[in-house]
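Reading through the structure tokens given below for one structure.
The values are calculated or read from the model by the stated rules, or taken from the named source; none is laboratory data. As the structure is a prediction and not an experimental result, all values here were calculated from the model. Neighbour counts are summed over all protein chains in view; Cβ atoms, including those assigned to glycine, are modelled from backbone coordinates with ideal geometry.
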Amino acid sequence: MDFKYQAAYLASRAAASAFGAEVSPEAMLEYIETPPTPDMGDFALPCFKLSRVLRKAPNMIADSLKAAIDSPLFSRVESVSGYLNFYVNRAAYAENVLKTALEQGENYGSDTVGGGKTVVIDYSSINIAKRFHIGHLSTTMIGSALYRIYGFLGYKCVGVNHLGDWGTQFGKMIAAYKRWGDEETVRRGGVDEMVKLYVRFNTEAKNDPALEDEGRAWFKKIEDGDEEALKIFRWFKEVTLKDAEKVYDMLGVKFDSYAGESFYIDKMQPVIDELTEKGLLVEDAGARIVKLDEWNMPPAIILRSDGATLYMTRDLAAIKYRHETYNFDKNLYVVAYQQDLHFKQLFKVCELLGWDWAKGCEHVNFGMVSFGGQSLSTREGRIVYLEDLLTQAIEKAEGIIAEKSPELENRSAVARQIGIGAVIFFALFNGRIKDIDFTWDKALNFDGETGPYVMYTHARLCSVLRKAGEAAAAPDFKALDDPESQAVLRLIDEFPQTVKLAAQKNEPSYVTRFSCELAKAVNRFYYEHRILDDDASATAARLMLTRAARQTIKTALSLIGLDAPEKM
């Protein structure tokens, strides 16, 4: 039961009774607020918002509405300075929230709002011949969390890893391999060896500009279908994906498609033809562009003067392909904010083409990732590989567990859950547009706003429930009328709306921060009240609260990609 809606419904009926006015419950719901402190009520209706409709002073409206309201759902309704304050019947509220949450179990918070709708999510988008580094952490985990959240709300999700597998850099890689590499060394060293070759190429090219021409020549061979060039290129791709899969497995991330840039090479001409037919392409210094001056943007370059395509061309082909293949309702691009202009241009060109269905496209931007205060650069060899980071996180977590819980069974498995979970939680805690500076002390702290803290809270609740067994009496929900219990109940009640808001805003941090707030509230409740009380009925009610909180924390963590250990 939605108590806020019930307050709106009662206010609507009272307005009709007291003033003969038709103000719908939905309209009242728009007005109702949550007071800043509990002593001012659980919900408040600022009656000055009704003055124009009812043609009365706010104080008079509040007094009249109060007199017309009587409901067992609310312990009292008060008129204070033009506000109508609702105080919920705490026992009824507790019973309703807990029964709803426990009856729905792991499905609590889910919805069918996305039924029959498809959302395509473009995330991670690693580059071929480069190892998976910490700079890909945000796009990978934001995209994966959105995939889970949208799926939880009933959407059909299509996860796309739009591989960076096209461009002159691959010509440079082949040129470096032909000059300084050999098959056995690369097979043995994998992507690490390819990165060394790439770094060497860029270092040597500073003193030998002719190398750049050599790299471009090899890429031209790839474009022209040269057998040797394609063989090496495909081999680099195979080695890269094999390396990346290890990291994706560690993170619990999956994709439904690995269609990258090269996939769209033979799909661009129809888009170019359509741009031409609709009079959108114009020539500028030999290049073919779409002018966007009218919208205060630089032109969208579709073909360079040498006839080569660009990201814009391939992204237009990708949008069209995804629409034709998946008939998406939403098409999300989880890409860093440096590409804001590119996506504004891309979506504007779609609009000019008359692709109305492309209105579902959205750039889900995010900030940059640094490590210990240092920015990252593959070209300069200053990188932090994600597999190494995750491995270190697991090792550090195991060290902490060995000190805190030396007798813990399955210590290695739990350390893996905690270590990897700490990294994911850290990446998803702040609003996605904020830059992230990863530090071990913050990520692996068992106190404060961290993944280990939330996971430890879940394990603590599991421990309480193991000791308690089955309740010996019917629950007395009046035992949950204290502020600590009510705070936990309010958060559990808010969880479904939090999940929906995370999808509406494409912001997984709503769920991450929710899990942390619930963990804090649960710990306050745990320290202030004996769950296993001499009063069997009070114990039964508190155990229900404990079970619902544990389930909600577990579900919240799962939506952002974390496991919830039962022992820590």
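Taken across segment 455-474, residues that are closer than 15 Å to Ala538 by Cα and among the acidic types (Asp, Glu) do occur, with at least one present.
Quick one: count up the residues across segment 170-196 that are under 35 Å from the mean Cα position of the chain (by Cα) and over 17 Å from Ala217 (Cβ atoms). Matching residues across segment 170-196 total 8.
Residues in segment 167-204 that are surrounded by 22 or more Cβ atoms within 10 Å (Cβ to Cβ) and more than 16 Å from His133 (Cβ to Cβ): Phe170, Gly171, Lys172, Met173, Ile174, Ala175, Ala176, Tyr177, Leu197, Phe201.
Only strands (runs of 3 or more DSSP E) whose full extent lies in segment 281-337 are considered here, and the ones with at least 3 residues that are within 30 Å of Gly114 (Cβ to Cβ), in contact (Cβ under 8 Å) with a residue 24 or more places away in the chain and not hydrophobic (A, V, I, L, M, F, W, C) are 330-334. Put simply, of Met1, Met28 the only residue that is farther than 16 Å from Val80 by Cβ, in contact (Cβ under 8 Å) with a residue 60 or more places away in the chain and aliphatic (A, V, I, L, M) is Met1. Scanning segment 135-159 for residues that are in contact with a Gly (Cβ under 9 Å, 6 or more places away or on another chain), of a type outside the set (Gly, Ala, Ser) and outside any helix (DSSP H, G or I) yields Leu153, Tyr155, Lys156, Cys157. Candidates are the residues of segment 106-134 that are surrounded by 23 or more Cβ atoms within 10 Å (Cβ to Cβ) and among the small types (Gly, Ala, Ser); the one that is modelled with the lowest pLDDT is Ala129.
Can you tell me which residue among Met268, Met250 is within 30 Å of Asp192 (Cα to Cα) and either buried (at least 16 other Cβ atoms within 10 Å of the Cβ) or modelled with pLDDT of 95 or more (or both)? Let's see the steps before the verdict.
Working: Met268 fails: within 30 Å of Asp192 (Cα to Cα).
Of the residues listed, the single one that is within 30 Å of Asp192 (Cα to Cα) and either buried (at least 16 other Cβ atoms within 10 Å of the Cβ) or modelled with pLDDT of 95 or more (or both) is Met250.
Look at Lys500 and say whether it is part of a helix (DSSP H, G or I), touching a residue at least 40 places away in the same chain (Cβ under 8 Å) and surrounded by fewer than 22 Cβ atoms within 10 Å (Cβ to Cβ). I'd like the intermediate steps shown before the answer.
Numbers: part of a helix (DSSP H, G or I): yes; touching a residue at least 40 places away in the same chain (Cβ under 8 Å): yes; surrounded by fewer than 22 Cβ atoms within 10 Å (Cβ to Cβ): yes.
Yes.
Keeping to segment 521-557, report how many residues are surrounded by 18 or more Cβ atoms within 10 Å (Cβ to Cβ) and assigned to a helix (DSSP H, G or I).
Our first condition is that a residue be surrounded by 18 or more Cβ atoms within 10 Å (Cβ to Cβ); within segment 521-557, this holds for 521-522, 525-526, 531, 538-557.
Next, only the ones that are assigned to a helix (DSSP H, G or I) stay: 521-522, 525-526, 538-557.
Result for segment 521-557: 24.
For the criterion of being more than 27 Å from Ser110 (Cα to Cα) and buried (at least 21 other Cβ atoms within 10 Å of the Cβ), Ala422 fails.
Do we have any residue at all in segment 100-114 that's on the phi > 0 side of the Ramachandran plot and not charged (D, E, K, R)?
Taking segment 100-114 as the starting set, the residues that turn out to be on the phi > 0 side of the Ramachandran plot are 105, 109.
From the residues that got through so far, the ones that are not charged (D, E, K, R) too are 105, 109.
Checked against the condition, which is being on the phi > 0 side of the Ramachandran plot and not charged (D, E, K, R), segment 100-114 yields at least one hit.
Any idea which of (1) within 30 Å of Thr100 (Cα to Cα); (2) surrounded by fewer than 20 Cβ atoms within 10 Å (Cβ to Cβ) is the one Ala11 doesn't satisfy? Looking at each condition in turn, Ala11 falls short on (2). Look at segment 101-121: where a residue is without any contact (Cβ under 8 Å) to a residue 12 or more places away in the chain and a partner is assigned to a helix (DSSP H, G or I) and hydroxyl-bearing (Ser, Thr, Tyr), sitting 6+ places away or on another chain with Cβ atoms under 9 Å, you get Asn107/Thr555. Test Tyr258 against the criterion of being out of contact with any helix residue (DSSP H, G or I) (no Cβ under 6 Å at 6 or more places or on another chain) and surrounded by fewer than 19 Cβ atoms within 10 Å (Cβ to Cβ), and give yes or no. Considered against the rule, which asks whether it is out of contact with any helix residue (DSSP H, G or I) (no Cβ under 6 Å at 6 or more places or on another chain) and surrounded by fewer than 19 Cβ atoms within 10 Å (Cβ to Cβ), Tyr258 comes out as yes. Scan segment 11-25 for residues that are more than 13 Å from Tyr83 (Cα to Cα) and either of a type in the set (Asp, Glu) or touching a helix residue (DSSP H, G or I) at 6+ places or on another chain (Cβ under 8 Å) (or both) and the total you get is 10.
Inspect segment 479-487 for any residue being buried (at least 18 other Cβ atoms within 10 Å of the Cβ), modelled with pLDDT of 95 or more and within 26 Å of Ile142 (Cβ to Cβ) and give the result as yes or no. Taking every residue of segment 479-487 in turn, none turns out to be buried (at least 18 other Cβ atoms within 10 Å of the Cβ), modelled with pLDDT of 95 or more and within 26 Å of Ile142 (Cβ to Cβ).
In segment 160-183, which residues are among the hydrophobic types (A, V, I, L, M, F, W, C) and either farther than 27 Å from Val253 by Cα or part of a loop (DSSP other than H, G, I, E, B) (or both)? Within segment 160-183, Leu163, Trp166, Met173, Ile174, Ala175, Ala176, Trp180 meet the criteria.
Would you confirm, using the coordinates I've provided, whether Gly225 is on the phi > 0 side of the Ramachandran plot and at pLDDT below 95? Give the derivation first.
Numbers: on the phi > 0 side of the Ramachandran plot: yes; at pLDDT below 95: yes.
So Gly225 fits the description; yes.
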